[in-house]
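Below you will find the structure I want to go over with you.
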Amino acid sequence: QLQASGGGLVHAGRSLRPSCAASEDMFSIAALGWYRQAPGKQRELVARIIFSGSQYYVDSVKGRFTISRDNAKNTVYLQMNSLKPEDTAVYYCKVEPTRGGFYWGPGTQVTVSS
């Protein structure tokens, strides 16, 4: 149902833009989120965008990351700038349909070297 791409290995200070393509129409989706899970840590919410366009960011990424969506492509993006080693994690997208419930994308690895 979801296809993720755009992760990779970069040096600190560089950028990546993972994407997550949904199989359903964006107008049937109430919210989209990007989460990350580093080794030995719990999965945490990084950024979220709701149907109206309102966005939320965890404090550690404010000013560096931007979540966006392309309704024509049924795709959500996470533009990640000024990456830091502490951003290293597996990044997952989460879809919350208007019908209720939620489901996860497969995850994409982001590794930032110092």
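Among the residues of the stretch 83-103, which ones are over 15 Å from residue 7 (Cα atoms), surrounded by 12 or more Cβ atoms within 10 Å (Cβ to Cβ) and among the hydroxyl-bearing types (Ser, Thr, Tyr)?
Listed by number, the list holds a single entry, 103.
Scan the stretch 8-20 and report the pairs whose first residue is under 17 Å from residue 70 (Cβ atoms) and charged (D, E, K, R) and whose second residue is open to solvent by less than 50 Å² (accessible area, probe 1.4 Å) and modelled with pLDDT of 95 or more, with Cβ atoms within less than 7 Å and a gap of 6+ or a chain change.
Partner pairs satisfying both residue conditions: 17/77; 17/78; 17/80.
Pairs only if they're at least six apart or on different chains, beta carbon under 7 angstrom, first in the stretch 93-114 and closer than 25 Å to residue 26 by Cα, second among the acidic types (Asp, Glu) and part of a strand (DSSP E or B); list them, first residue then second.
102/96
Can you tell me how many residues within the stretch 20-39 are modelled with pLDDT under 95, within 14 Å of residue 90 (Cα to Cα) and open to solvent by 20 Å² or more (accessible area, probe 1.4 Å)?
1
Return the residues of the stretch 104-114 that are assigned to a strand (DSSP E or B) and either loosely packed, with under 13 Cβ neighbours inside 10 Å or in contact with a Gly (Cβ under 8 Å, 6 or more places away or on another chain) (or both); say none if nothing qualifies.
Listed by number, the residues that qualify are 108, 109, 110, 111, 113.
Can you say whether residue 33 is not in a strand (DSSP E or B) and not aliphatic (A, V, I, L, M), as far as the supplied structure shows? Please lay out each step first, then the result.
Working: not in a strand (DSSP E or B): no; not aliphatic (A, V, I, L, M): yes.
It is false that residue 33 is not in a strand (DSSP E or B) and not aliphatic (A, V, I, L, M).
Under 6 Å by Cβ, and 6 or more places apart or on different chains, what pairs join a residue from the stretch 53-81 that is more than 12 Å from residue 34 (Cα to Cα) and of a type in the set (S, T, N, Q) with one that is at pLDDT below 95 and in a helix (DSSP H, G or I)?
Hits for this filter: 71/26; 74/26.
Filter the stretch 8-19 for residues that are in a loop (DSSP other than H, G, I, E, B), open to solvent by 20 Å² or more (accessible area, probe 1.4 Å) and not hydroxyl-bearing (Ser, Thr, Tyr); which is farthest from residue 55 (Cα to Cα)?
Initially, the stretch 8-19 is screened for residues in a loop (DSSP other than H, G, I, E, B), giving 12-15, 17-18.
From what's left, open to solvent by 20 Å² or more (accessible area, probe 1.4 Å): 12-15, 17.
When the remaining residues are screened for being not hydroxyl-bearing (Ser, Thr, Tyr), the result is 12-14, 17.
Working: 12: 25, 13: 24, 14: 23, 17: 17 Å.
Filtering first and then ranking leaves 12.
I've got another one for you. When only residues in the stretch 84-103 that are part of a strand (DSSP E or B) and out of contact with any Gly (no Cβ under 7 Å at 6 or more places or on another chain) count, which is farthest from residue 39 (Cα to Cα)?
Here is the first cut: in the stretch 84-103, the ones part of a strand (DSSP E or B) are 89-97, 103.
Then drop every residue that is not out of contact with any Gly (no Cβ under 7 Å at 6 or more places or on another chain), which leaves 89, 95-97, 103.
On the way: 89: 7, 95: 23, 96: 25, 97: 29, 103: 22 Å.
It comes out as 97.
Taking only the stretch 69-110 into account, find how many residues are of a type outside the set (D, E, K, R) and either touching an Asp or Glu at 6+ places or on another chain (Cβ under 6 Å) or within 22 Å of residue 59 (Cβ to Cβ) (or both). Give the steps one after another, and end with the answer.
First, pick out the residues of the stretch 69-110 that are of a type outside the set (D, E, K, R): 71-72, 74-83, 85, 88-93, 95, 97-98, 100-110.
Narrowing further to those that are either touching an Asp or Glu at 6+ places or on another chain (Cβ under 6 Å) or within 22 Å of residue 59 (Cβ to Cβ) (or both): 76-83, 85, 88-93, 102, 110.
Total meeting the criteria: 17.
Also: Could you go through the stretch 73-83 and let me know if any residue there is more than 20 Å from residue 9 (Cβ to Cβ) and assigned to a loop (DSSP other than H, G, I, E, B). It would help to see each step written out before you state the result.
The first filter runs over the stretch 73-83 and keeps only residues more than 20 Å from residue 9 (Cβ to Cβ), leaving 73-76.
Next, only the ones that are assigned to a loop (DSSP other than H, G, I, E, B) stay: 73-74.
Taking every residue of the stretch 73-83 in turn, at least one turns out to be more than 20 Å from residue 9 (Cβ to Cβ) and assigned to a loop (DSSP other than H, G, I, E, B).
Name the single residue that is most open to solvent (accessible area, probe 1.4 Å) among those in the stretch 54-72 being under 14 Å from residue 24 (Cα atoms) and part of a loop (DSSP other than H, G, I, E, B). Give the derivation first.
Here is the first cut: in the stretch 54-72, the ones under 14 Å from residue 24 (Cα atoms) are 69-72.
From the residues that got through so far, the ones that are part of a loop (DSSP other than H, G, I, E, B) too are 71-72.
Details: 71: 60, 72: 98 Å².
Checked the stretch 54-72; the qualifying residue most open to solvent (accessible area, probe 1.4 Å) is 72.
The values are calculated or read from the model by the stated rules, or taken from the named source; none is laboratory data. Source: prediction; values computed, not measured. FYI the Cβ positions are ideal-geometry reconstructions off the backbone, even for glycines, and counts take in every protein chain you see. Accessible surface is based on the protein model in full, side chains and every heavy atom, while ligands, DNA and RNA are left aside. Shrake-Rupley method; radii C 1.70, N 1.55, O 1.52, S 1.80 Å.
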